[in-house]
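Each value in this text was obtained by applying a stated rule to the coordinates, not by laboratory testing. Predicted, not measured: the structure shown is a model, and the values here were computed from it. Cβ: placed from backbone, ideal geometry, glycine included. Neighbour counts: every protein chain shown.
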Amino acid sequence: MLEPDIERALRSEGFRLIYDWRDEPHTEYPDHAHLCLTAHIILEGERSVTMEGRTRIYRAGERFDVPAGTVHSAKMGPAGCRYMVGRNRQRFAHRNRNSVVILPDDPS
């Protein structure tokens, strides 16, 4: 699928902010969560993602989504990684050991 087609498909799914991102070889993102649903489509290279206790490597042409509030981490492959990201604002409940907090729409 061509990049304009990927962007069009993401928009049709309701993703409002779509951008192209590139990470250098072996870039790491420690455990974190987003305020909204994110879709990631690998365009070049590879990216290892750990989410819900499982690790998987994604390569060019593959997609993974991260639900709002889901803790995950990532590490790029030896050639780095270029990917398209779609963000969709939505409300979600963030749960920790002691409480549930309802967060407002993601401002970005």
Just want the ordering: CYS81, CYS36, from fewest to most Cβ atoms lying within 10 Å of their own Cβ. CYS36, CYS81
Here, THR50 and SER73, labelled 7 Å along Cα→Cβ, have an inter-label distance in nm of 0.3
Quick one: order ILE41, ILE18, ILE57 by neighbouring beta-carbon count within 10 Å, fewest to most. ILE57, ILE18, ILE41
Length added when fully stretched, ASP5-TRP21, from 0.36 nm per residue minus Cα-Cα: 4.1 nm
What ³J(HN,Hα) values, in whole Hz, does the Karplus curve 6.51 cos²θ - 1.76 cosθ + 1.60 give for segment 36-43 when θ = phi - 60°, with x put for Gly and Pro? 9, 5, 10, 10, 10, 10, 6, 9
